[in-house]
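Structure first, commentary second.
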Number of protein chains: 2
Amino acid sequence: MCDTIIKYFQGYAATSLSADEIDRINSAFIPKRFRKRQYFLQEGDVCKYGAFIVKGAMRQYTVDSKGEEHIIHLAIENWWANDRESQKTGTPSKYFIDAWEETDALLITRDRMYELITNIPAVKEWSLKMEEIHFIAVQRRLNEAISLCAEDRYYELERTYPEFLQRFPQHIIASYLGINRDTLSRIRRRTVKG
Amino acid sequence: MCDTIIKYFQGYAATSLSADEIDRINSAFIPKRFRKRQYFLQEGDVCKYGAFIVKGAMRQYTVDSKGEEHIIHLAIENWWANDRESQKTGTPSKYFIDAWEETDALLITRDRMYELITNIPAVKEWSLKMEEIHFIAVQRRLNEAISLCAEDRYYELERTYPEFLQRFPQHIIASYLGINRDTLSRIRRRTVKG
DNA sequence: CGCGGGTTTGATGATGCTCAAGCCCGGTGG
DNA sequence: CCACCGGGCTTGAGCATCATCAAACCCGCG
């Protein structure tokens, strides 16, 4: 199962990994299986690990004062789930993260990850790229949230992450888009006919 | 004027800067004055520099198909303005960045900044912290955009960046919040009375 | 068969947008 | 000194979008 993460890092780096480096990476990660709906992180807890998803799907969300869930982030195979804010600052998280499907993940602490980044060039390469990619993705989503209407946000999602539409039920997608499930249903009906 | 950036870096680092390092930092930045409304970056251009604001205020925004501006970032003294996506990938920017007030800035290319980060420990410390801070800020704003109504988004802004409310006119704040200027005016009236 | 989770649909209402008018205020020029 | 202008803010009326709520439907599964 650790093969996956080796291939993943290697895919982002020009430098290739030595046998020794591969060992060090493998020993830094802790495999863990999550059942459907099992929490990886709950609001109020401090996030100790980052989770790399080998198989399955997770969601990160807040729960507002009315008890409504708002999905901040969806993650599937070869994606990461964690709360960097809590992990970095050691403060209680504002988010929940749970497994939407049964999920195999590889966990790693911030310290261990930092070690890998500083000592293994290929991981460092990955890290630099990933920083940018994450930031750009969040910024683009913010831009869409502010400037597009519900319908156009849906089209953007369809264009950017079509795999989400296959993978998650409609009410999850609606929450990700910041709209009501009923509204999403109507949008979809319109687009099929139009 | 370059003093400011030295103090700025120093403020984020435990390590202190040597005279030589200070020289190297100073020579990496290019001072530039922007007049009111002067562009630092226009949609379609590639972003070559990052801008550190010594004095003044800038805004980063998109213009949609109807010609409406949507502000995705406001920056004042000791903040940065740039389009990391364009700068990193070398692709044309989707954003405009201009000076809202007359602004003194220090410009730096990506390569020069990379040099500073790799060769000067204090700058590296700053860089690591800044990555996280930026990411966290954008993620929090995304969360607010998705899960809060217009009024609550305004309160959050009031709480988080009260200086913006002093510094920018109301229609700019409205655009930053993703709401109409008329709506913001009504929100403010309600809160004064309530 | 009946249950649970998810989706669709209609009726209704709240929220926020659009447009237009009017106000305030500081700056400019007669 | 006053008239005028421009930019920004406020306000009202009407409208579009999206949320809410309730009912019905669909479908896989015990």
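Assorted remarks:
- Candidate set: segment B:118-159, residues that are β-branched (V, I, T) and modelled with pLDDT of 95 or more; chosen: the one farthest from the chain's Cα centre (by Cα): B:I120
- Identity of the residue in segment A:155-194, among the aromatic types (F, W, Y) and within 14 Å of another protein chain (Cβ to nearest Cβ), that ends up farthest from DNA strand C (Cβ to nearest atom): A:Y155
- Matching residues in segment A:38-78 - criterion: being surrounded by 14 or more Cβ atoms within 10 Å (Cβ to Cβ), within 16 Å of DNA strand C (Cβ to nearest atom) and more than 14 Å from every other protein chain (Cβ to nearest Cβ): A:G56, A:A57, A:M58
- Qualifying residue in segment B:131-151 (condition: free of Cβ contacts under 8 Å to residues at least 12 places away in the same chain, of a type in the set (S, T, Y) and within 16 Å of DNA strand C (Cβ to nearest atom)): yes
- In the set (1) at pLDDT below 95; (2) buried (at least 16 other Cβ atoms within 10 Å of the Cβ); (3) of a type in the set (G, A, S), the condition left unmet by B:A81 is number (1).
- If you check A:L128, A:L142, A:L107 for being among the hydrophobic types (A, V, I, L, M, F, W, C) and away from every other protein chain (no Cβ under 11 Å), only one passes: A:L107.
- Here A:R24 clears all of (1) out of contact with any strand residue (DSSP E or B) (no Cβ under 6 Å at 6 or more places or on another chain); (2) closer than 29 Å to A:P169 by Cβ; (3) of a type in the set (K, R); (4) modelled with pLDDT of 95 or more except the condition numbered (2).
- Single unsatisfied condition, B:P31 versus (1) within 26 Å of B:E163 (Cβ to Cβ); (2) within 13 Å of chain A (Cβ to nearest Cβ): (2)
- Only one entry in A:A81, A:A99, A:A137 is away from every other protein chain (no Cβ under 14 Å), away from DNA strand D (no atom under 16 Å from the Cβ) and of a type outside the set (V, I, T), namely A:A99.
- Residues located in segment B:41-74, provided they are at positive phi and within 16 Å of DNA strand D (Cβ to nearest atom): B:G56, B:G67
- Residue in segment B:99-113 that is closer than 23 Å to B:T62 by Cα, within 16 Å of DNA strand C (Cβ to nearest atom) and not small (G, A, S) present: yes
- Among the numbered conditions (1) within 22 Å of the chain's Cα centre (by Cα); (2) of a type in the set (S, T, Y); (3) more than 22 Å from A:A51 (Cα to Cα), the only one that A:T191 does not meet is (1).
- Looking at segment A:90-194, the helices (runs of 4 or more DSSP H) lying wholly inside it that each contain 2 or more residues that are buried (at least 17 other Cβ atoms within 10 Å of the Cβ) and of a type in the set (S, T, Y) sit at A:121-147, A:170-177.
The values are calculated or read from the model by the stated rules, or taken from the named source; none is laboratory data. Everything quoted here is computed from the prediction, not taken from an experiment. Here the Cβ is made from the backbone with ideal geometry for all residues, glycine too, and neighbour counts use every protein chain on show.
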